[in-house]
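The structure under discussion appears below in the form of structure tokens.
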Amino acid sequence: MLRNKKILLILLILFSTLLNGENLQSFLSIATFNSQDGPYLETYLSINANTVKLVKSSNKYIGELNVEIEIFNNENIYFKDNYILTSPEFIDSINNNIFFIDQQRIPLKEGNYNLKLKIFDVHNKFEISHTKSIEIEYSSLSISDIQLVEKYSLTKNNNFLEKSGYTLYPYVSNFYPKEIDSITFYFEIYNTTLLKKYLINTYIEKFENQEVFSDFDKSLRKTSSLTECNLLSYNISTLPTGNYNLVCEVKDSNNNVLKTKKIFFQRSNNYINQKYAASTFSNFTNSISNDSIIQFIDYLYPISTNDENTYAQNQLKYNDLDKMRNFFFSFWYERNNVNPSIAWKNYYKEIKKVNKAFKNGIIKGYLTDRGRVYLQYGPPNSRNKIDNASSTYPYEIWHYYKLKNQNDKKFVFVNSDLATNEYKLEYSNVLGEVSNSEWRDRIDQDNNPTFGDDFNNNYINPK
């Protein structure tokens, strides 16, 4: 029988710098397979070392996480475990830019289950939870789940990452940045003995409309067996930015699809399919006048990267309309290569809202601090607007319950110039935004902070 196993790996991945020990960050993926001993579940848990509280131990720094796993169905608990996961050793307590991985293999009978996994930082107050649905049915012709693979090697010594003679290091994410130029995956096919001969077909399709990319399509002829193991890879260096499914199919000799299994993934890539993009470019840009393209490009600044903003300003400076149109199309094509026009139209609707809601006598709404925050982060979950407080300037507190990997985030805007009605962003607890230690003083009209309970309640408990 398979026994519950744990193994700790180090997966070197570059990622955006996060504050150490803040907002514990982890990713969980799962896959089920079959074996001579019965079905089993594999869990792949990836932890961002920079978000774990590290403590000194024998001249090294380590982190400790308490991991709880529970697999249940209705009121019945089928598996429960609790263990301490120890990080690798580090020479410093900060700037440890790696993810470390915990993998487990858990025997399960056929059926439908729910998985709940909780992680507690032993040396900090932070915790995080993951939930997954599990479906296991391998009694007839079937395909295992698709396991995404970061790298692999021939197995020299038995280990718990081994399948079919290969040691498979899991890729614990559904996101493939432009720096990664291949997608490697492993899956198994069971109980094909009645087919004699059959076909395995794998391909990449668009998530939105199931359009198959002809450059990413493989077929393999096979003969019947109890278990067929497959380790395959696609070069995705030319796969444009977008949402996709990786699809595996079993077909009979008449090309009828008998079984299908899919896994979703996202791709970020600067490459543009020229043939497809040519007609899209024409349709997208023909309706935009020369005067409008200049203004439309300027509208992009709240949602642009630093590089995109620099490039856009250069195009506006040199007034090259062709390059402006190319940039504007590329900007939206990278964000939605299925229908960039829809992406732009949806954003333009928000621009109109912002220009109406936040304009003042001097500048348009999208150039104000409130307009920029609204366009960059979306509408807040709550907006507390105070216009008539006796001791403070008019101010607004915007509250976001969740922004990407950050929770309970706020923006404080203050109108200290009543003539222009311009609300300046004075403080935010969002990473990368204004964080002024004297921000409360900016609200007080008399430079003598007497906020009282009203202000404190508005900030601590925004409505």
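Calculate the spin-label point distance for Asp417 paired with Asn326, positioning each point 7 Å from the Cα along the beta-carbon direction, and give it in nanometres.
Placing both labels 7 Å along Cα→Cβ, they lie 3.9 nm apart.
At 0.36 nm per residue, minus the direct Cα-Cα distance, what do Ser341 and Lys125 gain on full extension? Give it in nm, one decimal, please. Walk me through the numbers on the way to the answer.
Values: separation 216, 0.36 × 216 = 77.76 nm, distance 4.51 nm.
Length difference between fully extended and current span is 73.3 nm.
Structure shown: which of Lys118/Lys163; Lys80/Lys116; Lys151/Lys404; Lys206/Lys402; Lys323/Lys356; Lys197/Lys218 lie over 20 Å apart, alpha-carbon to alpha-carbon? Walk me through the intermediate numbers first.
Details: Lys118/Lys163 27 Å; Lys80/Lys116 10 Å; Lys151/Lys404 28 Å; Lys206/Lys402 28 Å; Lys323/Lys356 30 Å; Lys197/Lys218 17 Å.
Where the Cα-Cα span goes over 20 Å, the pairs concerned are Lys118/Lys163; Lys151/Lys404; Lys206/Lys402; Lys323/Lys356.
Roughly how many whole Å is it from the C-alpha centroid of segment 153-230 to that of segment 296-318?
41 Å
Apply the Kirkwood formula to the chain: the hydrodynamic radius equals the inverse of the mean of 1/r over all pairs of different alpha-carbon atoms; give it in Å with one decimal.
Values: mean 1/r = 0.0382 Å⁻¹.
About 26.1 Å, per the Kirkwood formula over Cα pairs.
State the answer as a single residue: which of Gly111, Asn209, Asn174 lies farthest towards the positive end of the charge dipole of segment 76-224, with beta carbon charges of +1 for Lys and Arg and -1 for Asp and Glu, about the Cα centre.
Gly111
Cut-off under 26 Å on the C-alpha distance; same-chain residues fewer than 8 positions from Lys359 excluded. Which lysines are left, in chain and number order?
Lys317, Lys345, Lys349, Lys385, Lys409, Lys410, Lys424, Lys463
Give me the net charge of Met324's neighbourhood, meaning all other residues with Cβ under 14 Å from the Cβ of Met324; Lys, Arg count +1, Asp, Glu -1.
For residues surrounding Met324, the net value is -2.
Post the alpha-carbon centroid distance, segment 41-92 to segment 240-262, in whole angstrom.
35 Å
Report Rg/Rh for segment 274-369, rounded to two decimals, where Rg is the Cα radius of gyration and Rh the Kirkwood radius.
Working: Rg = 13.6 Å, Rh = 14.0 Å.
Using Cα coordinates only, the ratio equals 0.97.
Quick note: the coordinates plus some simple rules give every number you see, no bench work behind them. Worth saying up front: this structure is predicted, and the values here are computed from it rather than measured. Neighbour counts are summed over all protein chains in view; Cβ atoms, including those assigned to glycine, are modelled from backbone coordinates with ideal geometry.
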